[in-house]
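**Student:** Pasting a structure here, questions to come.
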Amino acid sequence: MPVTHDQLVDALRPVQDPELHRSIVDLDMVRRAEDIGGGAVAIQVALTVAGCPLRNEIRQRVDTAVLALSGVTSVDVDFTVMTDEERETLRHRLQGGAPAGGHGHQHGAGPQGHAAGKPVPFAQPGSRTRPLLISSGKGGVGKSSVATNLAVALAARGHSVGIVDADIYGFSIPRMLGADRDPVAIDDMLLPTEAWGVRCISIGYFVPDGQAVIWRGPMLHKALEQFLTDVYWDDPDFLLVDMPPGTGDIAISLSQYLPRGEVFVVTTPQPAAQKVARLSAAMAAKVNLSVRGVIENMSWFTGDDGRRYELFGAGGGAELAAELDVPLLAQLPLVPALRAGGDDGRPIAAVDPDSEAGRAFHELAERVAVELRPNKVFSPALKVV
Ligand SMILES: Nc1ncnc2c1ncn2[C@@H]1O[C@H](COP(=O)(O)OP(=O)(O)OP(=O)(O)O)[C@@H](O)[C@H]1O
Ligand SMILES: [Mg+2]
């Protein structure tokens, strides 16, 4: 008995596009699904863009789904590309009919996080996303490592997670997360890259290797705005923002775009680091963002003898937390594997979750997700007018 078209479509329904996380059937990507005799089946899939880097992944998913049908012994998958019109329809559908455009406008964000014409989804009253701003006044204390590993640990708990690398000059998230493929654009909608279940966007994708970025304030503002409005984040549970060191322009822009941003201050245990970390808390207060907790990094190194060596002193995190009247959420050990994992895109929270540092990140994720869960529900349906 030949397999029917409907049977094939039903088998393909659970197959998701790896970037859009929607069924390829619902996205109208399946163009042909036909039994061609002798146990062979022909499937044609329309890709959003030519040269889609994930076509092999899609092929594999289609193969697996269709081969599960009884009587099917081989699958011939071929690809076509959506027309401009089809792509436009898809983009509209994904963005819930949001109007296209938004390029070339001159104005900055308004007080509600509205860039001219295009609202920042995370600034809307109905947004369910918790923006987590990972900051510190000082460079090199581990913001990017914390942002990456916390994102991975939250994703491992089943949350949908995005990460914005707001460190325009010193971007490092694509490398740390191992998300080094270039993002795909559907017209003016950018699809984030993804690794370890975390979606990522960074200026690093748009700068030729080895070239310095020299941008002035308004351009920084614009780049961040596009990261929040033109990227298809798909309403994640958490949007982590890896903040650049310091307390300048970017923090001010972000406070407008992410008025419900929760600030997490990363510090090392010595008093000097704490002093600068305090500045970033003062900055948060100035732009009306709330500091939710302190994360102490490089707290100790555990030797082979099992003893903890406090290489950078002790107590800085707890002291800062007490001063800001927020919890000290984590003390992260200094471990060479954390640095190595950051260099090769294999975050320790993903590849070694049971190690000392891996466990610390998973505990941090649990505290952020559960203990710090906001008790206000930002749902338009529940709004009393
Ligand atoms: N707990 C740790 N154990 C070992 N190495 C660490 C740890 N935390 C961070 N590192 C390493 O220290 C370096 C600086 O960390 P990271 O880039 O995360 O800091 P940062 O605050 O984002 O720096 P920048 O201000 O330059 O953006 C990196 O090489 C990172 O791998
Ligand atoms: Mg960094």
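**Student:** Out of R292, R373, R307, I need the residue that is in contact with a Phe, Trp or Tyr (Cβ under 8 Å, 6 or more places away or on another chain) and either away from ligand 2 (no atom under 16 Å from the Cβ) or closer than 20 Å to G261 by Cβ (or both). Which one? So that I can check it myself, show each step before the final result.
**Tutor:** Working: R373 fails: in contact with a Phe, Trp or Tyr (Cβ under 8 Å, 6 or more places away or on another chain); R307 fails: in contact with a Phe, Trp or Tyr (Cβ under 8 Å, 6 or more places away or on another chain).
Being in contact with a Phe, Trp or Tyr (Cβ under 8 Å, 6 or more places away or on another chain) and either away from ligand 2 (no atom under 16 Å from the Cβ) or closer than 20 Å to G261 by Cβ (or both) holds for just one of R292, R373, R307, which is R292.
**Student:** Mind counting the residues in the range 1-31 that are part of a loop (DSSP other than H, G, I, E, B) and under 22 Å from the mean Cα position of the chain (by Cα)? Reasoning before the result, please.
**Tutor:** First, pick out the residues of the range 1-31 that are part of a loop (DSSP other than H, G, I, E, B): 1-4, 13-15, 17-22, 24-29.
If we keep only those that are under 22 Å from the mean Cα position of the chain (by Cα) as well, we get 17-22.
The qualifying residues number 6.
**Student:** Quick test for you: out of A349, A365, pick the one residue that is modelled with pLDDT of 95 or more, out of contact with any Gly (no Cβ under 8 Å at 6 or more places or on another chain) and under 21 Å from L177 (Cβ atoms). Break it down into steps so the answer makes sense when it comes.
**Tutor:** Numbers: A349 fails: out of contact with any Gly (no Cβ under 8 Å at 6 or more places or on another chain).
Only one candidate qualifies: A365.
**Student:** Do any strands (runs of 3 or more DSSP E) entirely within the range 136-248 hold 3 or more residues that are among the hydrophobic types (A, V, I, L, M, F, W, C) and surrounded by 24 or more Cβ atoms within 10 Å (Cβ to Cβ), and if so, which?
**Tutor:** On the way: elements: 161-165, 184-186, 189-191, 193-195, 198-202, 238-242.
So the answer is 161-165, 198-202, 238-242.
**Student:** Could you list, in sequence order, all residues of the range 318-347 that are in contact with a Lys or Arg (Cβ under 9 Å, 6 or more places away or on another chain) and either in a strand (DSSP E or B) or within 16 Å of ligand 2 (Cβ to nearest atom) (or both)?
**Tutor:** Matches in the range 318-347: L329, A330, G342, D343, G345.
**Student:** Looking only at the range 179-199, which residues are touching an Asp or Glu at 6+ places or on another chain (Cβ under 7 Å) and of a type outside the set (D, E)?
**Tutor:** Within the range 179-199, A179, V184, M189, L190, L191 qualify.
**Student:** Quick one: is A151 in contact (Cβ under 8 Å) with a residue 60 or more places away in the chain and within 16 Å of ligand 2 (Cβ to nearest atom)? It would help to see each step written out before you state the result.
**Tutor:** Details: in contact (Cβ under 8 Å) with a residue 60 or more places away in the chain: yes; within 16 Å of ligand 2 (Cβ to nearest atom): yes.
In short, yes.
**Student:** Going by what's in this entry, would L254 be described as within 16 Å of ligand 2 (Cβ to nearest atom), assigned to a helix (DSSP H, G or I) and either farther than 21 Å from G96 by Cβ or in contact with a His (Cβ under 8 Å, 6 or more places away or on another chain) (or both)? So that I can check it myself, show each step before the final result.
**Tutor:** Working: within 16 Å of ligand 2 (Cβ to nearest atom): yes; assigned to a helix (DSSP H, G or I): yes; either farther than 21 Å from G96 by Cβ or in contact with a His (Cβ under 8 Å, 6 or more places away or on another chain) (or both): yes.
Against the criterion (within 16 Å of ligand 2 (Cβ to nearest atom), assigned to a helix (DSSP H, G or I) and either farther than 21 Å from G96 by Cβ or in contact with a His (Cβ under 8 Å, 6 or more places away or on another chain) (or both)), L254 qualifies.
**Student:** Scan the range 159-167 and tell me whether some residue there is within 16 Å of ligand 1 (Cβ to nearest atom) and over 11 Å from the mean Cα position of the chain (by Cα). Working first, answer last.
**Tutor:** Step one: filter the range 159-167 for residues within 16 Å of ligand 1 (Cβ to nearest atom), giving 163-167.
From what's left, over 11 Å from the mean Cα position of the chain (by Cα): 166-167.
Checked against the condition, which is being within 16 Å of ligand 1 (Cβ to nearest atom) and over 11 Å from the mean Cα position of the chain (by Cα), the range 159-167 yields at least one hit.
**Student:** What pairs come up if the first residue lies in the range 1-29 and is touching a residue at least 12 places away in the same chain (Cβ under 8 Å) and over 27 Å from V49 (Cβ atoms), the second is in a loop (DSSP other than H, G, I, E, B) and of a type in the set (V, I, T), and their beta carbons are under 7 Å apart, counting only those six or more places apart or on different chains?
**Tutor:** Listed by first residue and then by second, the contacts come to V3/V72.
The values are calculated or read from the model by the stated rules, or taken from the named source; none is laboratory data. The shown structure was predicted, so the numbers you read here are calculated from the model rather than taken from an experiment. Please note: Cβ atoms are built from the backbone with ideal geometry, for glycine as well, and neighbour counts cover all protein chains shown.
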